[in-house]
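The structure under discussion appears below in the form of structure tokens.
The values are calculated or read from the model by the stated rules, or taken from the named source; none is laboratory data. Note that this is a predicted model, so its numbers are computed, not measured. Because the Cβ atoms are built from the backbone with ideal geometry, glycine has one as well, and the counts that use them run over all protein chains shown. Remember, those area values only see protein heavy atoms, side chains included, never the ligands or the DNA or RNA. Shrake-Rupley method; radii C 1.70, N 1.55, O 1.52, S 1.80 Å.
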Amino acid sequence: MAIGSTPSVGLIGLKAFIVQVQAFISPGLPYFSIIGLPDASLSEARERVKSACQATGFGWPQTRVTVNMSPAAMPKRGSSHDLAIAASVLCAAGAIGHDCLEDTIVLGEVNLDGSVLPIHGLLPIMLHAEERGVRKMIVPHRNLDEASMVDGLDVVGVRHVGELIELMGGDATYTIPDTPVTDETTTDQSPTSHPNDCGDMNEVLGQEHAKWALQVAAAGGHNILLVGPPGSGKSMLSKRLPSILPDMTRQEQLDVTQIYSVMGLLRPDHPLIESRPFRSPHHTVSAAALAGGGANVRPGEISLAHKGVLFLDELPEFRRDAVEAMRQPLEDGQVTISRVQGSQTFPCEFMLVCAMNP
């Protein structure tokens, strides 16, 4: 009987918590189980991890393998624990040393061929690890740009489970795929990294009265309602409002990037969000999509517009319950989503810009 242990980090909303992944190899019929309140995607890690470990030349134990994720009372979601599960099993089987990963957090999703895929929500995880005094982390190689935003951590990127084994002093036989897996991160919903990508107010000729009103709103952080006939330039002016807002501070950039990291909306080539977000949901948006919610509580449009602009075009067409859902968040600068499993609080300090016909 042998036990291997590897620390990881779980994420619920924007709140991170340390997860201790323990693998126990004991006599019995071949069976692989994961316990500790895993969700469906994490339960499926059994086949991914087993195949990924075998892709390194590691002989999977032909006995009973049990993986426990503590604290057991906290739900574990997503595939970001795959690499930690693999590391704990390898540690229990003796493929890597038992003391190699005691103070190193391991994160990453694994493919069947052993390649390590990028994960969502790395920035809030790293900020939490820094607060807890953790100094070493192993993350997917394609997350290194996002990991570089947090100073003071010794971060190593791996592309294959075999690299993790070699990093810990073990031997592995593997081949890294020549063609990387296409990143499925949706970039068209993320705010631009350049302030002029949505247009600049200098491009607008005329409209002096409306531009003056937008300048006053931008200077004081006020909400504003634009009323005018179709084609008068309401949407055009609103999209250019971020170009006259003050530049974000470093802390504001990190706060906004955390939200987009959790949602998987960061650009792989430029993960840090440097310009203020501009969100323009369709008038059919539901209250849950606007304020946040879902089975696994996620930020809504008002949180995605944090430190930026939320534009509601054709305001009278929006559902009443969706508009009413913004009342308290507009006053408090944050929104609390309560469900049976618990509650999550997301920041939502934004400028509300609305447009409508007379």
Discussion item. Among 277, 316, 329, which one shows the highest mean-square fluctuation when the chain is modelled as a Gaussian network with alpha-carbon springs under 10 Å?
Written reply: 316
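Once you mark the trypsin sites (Lys or Arg not before Pro) that are in a DSSP loop and have at most 14 other Cβ atoms within 10 Å, what is the longest gap between them in the chain?
Details: sites that count: 132, 135, 319.
With a cap of 14 other Cβ atoms within 10 Å, the longest stretch comes to 136-318.
Of all the accessible heavy-atom surface of the stretch 257-314, with the other protein chains kept in place and a 1.4 Å probe, what percent is carbon and sulfur? The partial results should precede the final answer.
Values: 910 of 1820 Å².
Roughly 50 percent of what the probe reaches on the stretch 257-314 is carbon or sulfur.
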Fill in: Accessible solvent surface per residue of the chain, calculated while the other protein chains remain in place, 1.4 angstrom probe, Å²
46
Worksheet item: Pick from 140, 27, 118: which is most flexible by mean-square fluctuation in a GNM of the chain where alpha carbon atoms under 10 Å apart are linked?
Response: 27
Practice prompt. Lys and Arg at +1, Asp and Glu at -1: add these up for the other residues within a Cβ distance under 10 Å of residue 153 and post the number.
Written response: -1
Item to complete: Name the most mobile residue of 286, 88, 80, meaning the one with the largest mean-square fluctuation, in a Gaussian network model of the chain with Cα contacts below 10 Å.
Response: 286
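Which residues make up the longest stretch of the chain clear of GluC sites (Glu not before Pro) that lie in a DSSP loop with no more than 15 other Cβ atoms within 10 Å, not counting the sites? Write out the running numbers ahead of the final one.
Numbers: sites that count: 44, 102, 184, 314.
Counting at most 15 other Cβ atoms within 10 Å as exposed, the longest clean stretch of the chain is 185-313.
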Item to complete: Return the label of the correct value of Rg/Rh (Cα atoms, Kirkwood Rh), as calculated from the structure shown, out of [x] 1.09; [y] 1.06; [z] 0.97.
Response: [y]
Worksheet item: On average over all directions, what projected area in square nanometres does the stretch 1-150 have, based on the convex hull of its Cα atoms?
Response: 8.2
Worksheet item: What is the magnitude of the charge dipole of the chain about its Cα centre, with +1 placed on the Cβ of each Lys and Arg, -1 on the Cβ of each Asp and Glu, and no other charges, expressed in debye to the nearest 20?
Response: 820
Worksheet entry | Of 71, 123, 106, farthest towards positive along the dipole that unit charges on Lys, Arg, Asp, Glu beta carbons give the stretch 63-148 | 71
Worksheet item: What translational diffusion coefficient, in µm²/s and rounded to a whole number, does the Stokes-Einstein relation yield for the stretch 288-343 at 4 °C and a viscosity of 1.567 mPa s, taking the hydrodynamic radius as the Kirkwood radius over Cα pairs?
Response: 108
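For the stretch 118-163, what does the convex hull of the Cα positions come to per residue, in cubic angstrom? Show your work: numbers first, answer last.
Working: hull volume 3.0 nm³, N = 46.
Cα convex hull per residue, to the nearest whole number: 64 Å³.
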Worksheet entry | All lysines inside 28 Å of residue 76 as judged from Cα atoms, apart from same-chain residues fewer than 8 positions distant | 15, 50, 136
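Just the number, please: carbon plus sulfur as a percent of the accessible area of the stretch 62-112, 1.4 Å probe, no ligands or DNA/RNA counted. Show your work: numbers first, answer last.
On the way: 840 of 1710 Å².
Carbon with sulfur: 49 percent of the solvent-accessible area.
What 222 nm value per residue comes from the helices of the chain, counting each DSSP H run with n ≥ 4 as -39,500 (n - 2.57) and dividing by all residues, nearest 500 deg cm²/dmol? Before the final figure, lay out the partial values.
Details: 13 runs with 99 residues, N = 358.
Per the formula, -7000 deg cm²/dmol.
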